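Okay, so here's the structure we're looking at.
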Amino acid sequence: MVFAGNYQVDSAAKHSKNKTDKAERKLTKRYYSSAMSSYNKALSLNKELFLAYQKMAELQYLTEDYDASILTFNKALKIDT
């Protein structure tokens, strides 16, 4: 466990956050394949990362994988509700 102030953050959550941040930087640089890989790694560590699903769906939309984008957005919405 890692402690941050009054909050306990387990290492899987910390690593998944790092992977999501890394994917965001790659997405900004248009390294789409690498960004998708980082989002998948983040989600393999934590299946409840709304932001990772949201950004992955945006990436799928940008790469014209519309069906996958819809499915991924729906996964994000299930987490957010």
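We did not get these values from a lab; they are worked out from the coordinates using the rules stated. Everything quoted here is computed from the prediction, not taken from an experiment. A quick note on method: Cβ atoms are made from the backbone with ideal geometry, for glycine too, and the neighbour counts reach across all protein chains shown.
Points worth noting:
- Once Rg and the Kirkwood radius are both taken over the C-alpha atoms of region 19-75, their ratio Rg/Rh works out to 0.93.
- Taking other residues whose beta carbon is less than 13 angstrom from the beta carbon of GLN54, and scoring Lys, Arg as +1 and Asp, Glu as -1, yields -1.
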